[in-house]
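**Q** Sharing a structure below in structure tokens format, with a few things to ask.
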Amino acid sequence: RYSQTSYIVSNSNIDSFLKKFSVPEEDVANGEVPASSHLLKQQVLLSACLSCEGCVSEEESLKISQQNLEEVARVLGLNKKCDVSKHQVLVVSVCPQSLPFFAVKYGLDIPEATRKLCGFLKSLGVQYVFDTTLAAGFSILESQRDFVQRYSRRHHDSQALPMFTSSCPGWIRYAERVLGSLVTPHICTARSPQQIMGCLVKDYFTKQQKLSPDKLYHIMVAPCFDKKLEAVREEFYNSLLESRDVDCVLTSGEVFHMMEQMKVSLADLDSVPLDHVLGEAGDPALVRHQGRGSEGFLEHIFKYAASELFSLDVEEITYKTLRNRDFQEVCLERDGEVLLQFASVYGFRNIQTLVHRMRKGHVPYQLVEVLSCPGGCVSGRGQAQGETGGRVDKALVQQMEEAYSSLPVRLPDTNPGLHFLYQDWLEGQDSTHANTLLHTQYTQQSPSQTLTHTKPPHIQW
């Protein structure tokens, strides 16, 4: 069912990449990565998280240190040296919010920029490149259902509402390590788009390819450093197969920096279409979900709940700005009665305001979409920082938001691929398999004895 798009693997590109980012050849052959390698180091920016130090354990710090270009070079280097039968298949999944970054940097529209990015990745030896819109659709649909179920038990379950969205790892880390039981029972159990994509690739796609999951190396390109932390969570590791759902997260900025270091000429890159997870032929249409600069969980859940709970069809949503554009609310009213009241809360300053109100019992919302980055996912620090680092490049963010809004909106409810996968992969929407692969649990996590008491190297707080 799967046929790879025809493309040229450029030996010169592979050699250039390995020269810039690889470890010495004798260490590649042995599968070893020396700690002294002077290569691009990743950051973990917990989005100005107020939980300060002691949040990342030594074990997590070690795992995060492997989420970089050096590790990708190690895999490519081993593939180049070892027998074909021992090769790992490289798959890259790209978040839709990363695509505007490459479009702005390349000076192209998003579809053509995506084809150029795909051509570059495949010239390195990556076999498949997907975008994660399908996985985000699963996350939205499961979040919609979770909210309606919580709403139906709100009178006898004090922890049912408000429901907080669960797609932002910076917010989840802060909730688990600092806020604890005040918040964790309220967090939606649907996995984030990144981790659902991990399951889709490592479970469904590997079966279609007749591959063991450990023979596939899955790279995620994301706008946010915090996604590296999410990828190393214990529940997303299969100890039996010794395989992680997402093996390595690279930020958009890291990938672009790699291209700059390699002196890649955009004109010399082939325009290669993305691959289909379901194996269809042709160039998949790039679409987005509703919402500015993110996956639009609030808007999708709001419209779904209005229809399911009150038989109201909502066409347009009107946001009311409260403290700033990153703290907004929407209301559903009928005959003067407020039926639903949702809020979007972005950035830790606004999150602190929300938590303060919650402690006092003054939160009127049934759902809150929480993102740790001001401006949403497009403004993730893995792509929105200025060239000198530190401050967000506001002009760049505005250009990315405009580019992102140019993509057509497609509702996940109308995506036939999702309906097919619910049956072919998950054995039905309410099956045990679906609940296992599409959901997780978030609980209070006390600092352990293994936590570092000083800031780990290469982690920016």
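**Q** Determine the shape class of the stretch 335-431: with a ≥ b ≥ c the square roots of the Cα gyration tensor eigenvalues, call it rounded for a/c under 1.5, and otherwise prolate if a/b is greater than b/c, oblate otherwise.
**A** oblate
**Q** Based on the Cβ-Cβ distance from L411 to K263, what FRET efficiency comes out when R0 is 45 Å, to the nearest 0.05?
**A** Using R0 = 45 Å, I get an efficiency of 0.60.
**Q** Please state the shape class of the stretch 100-209: rounded when a/c is under 1.5, otherwise prolate if a/b exceeds b/c and oblate if not, all from the C-alpha gyration tensor.
**A** It comes out prolate by the Cα gyration axes.
**Q** Sticking with this one: Any idea how far apart V148 and N324 come out in nm if each label point goes 7 Å out from Cα toward Cβ?
**A** 3.7 nm
**Q** Any idea how far apart S158 and V287 come out in nm if each label point goes 7 Å out from Cα toward Cβ?
**A** 4.3 nm
**Q** Once the other residues with Cβ under 15 Å from the Cβ of F236 are scored (Lys, Arg +1; Asp, Glu -1), what is the net sum?
**A** For residues surrounding F236, the net value is -4.
**Q** If you don't mind, there's one more thing I want to ask. Any idea of the accessible area per residue across the stretch 247-392, 1.4 Å probe, to the nearest Å²?
**A** Per-residue value: 45 Å².
**Q** Another one. Ranked from highest to lowest mean number of other Cβ atoms within 10 Å per residue, what is the order of the peptides 78-89, 141-152?
**A** Final packing ranking: 141-152, 78-89.
**Q** Let me see the P(r) profile for the stretch 77-152: every Cα-Cα distance counted, bins of 5 Å, each bin given as a percent of all pairs.
**A** Bins of 5 Å from zero give 3, 13, 16, 15, 13, 11, 12, 8, 5, 3, 1, 0 percent of pairs.
**Q** Sort 336-349, 219-232, 95-108, 361-374 by the packing proxy (mean of other Cβ within 10 Å over each peptide's residues), most packed first.
**A** Peptide ranking by packing, descending: 219-232, 95-108, 361-374, 336-349.
**Q** Sorting check: for 396-404, 161-169, which peptide has the highest mean count of neighbouring beta carbons within 10 Å, and how do the rest follow?
**A** Those peptides, ordered most packed to least, come out 161-169, 396-404.
The values are calculated or read from the model by the stated rules, or taken from the named source; none is laboratory data. Please read these numbers as outputs of a predicted model, since none were measured by experiment. Note that we place each Cβ from the backbone using ideal geometry, even for glycine, and neighbour counts take in every protein chain shown. Ligands, DNA and RNA are excluded from the accessible area calculation, which covers all protein heavy atoms including side chains. Shrake-Rupley method; radii C 1.70, N 1.55, O 1.52, S 1.80 Å.
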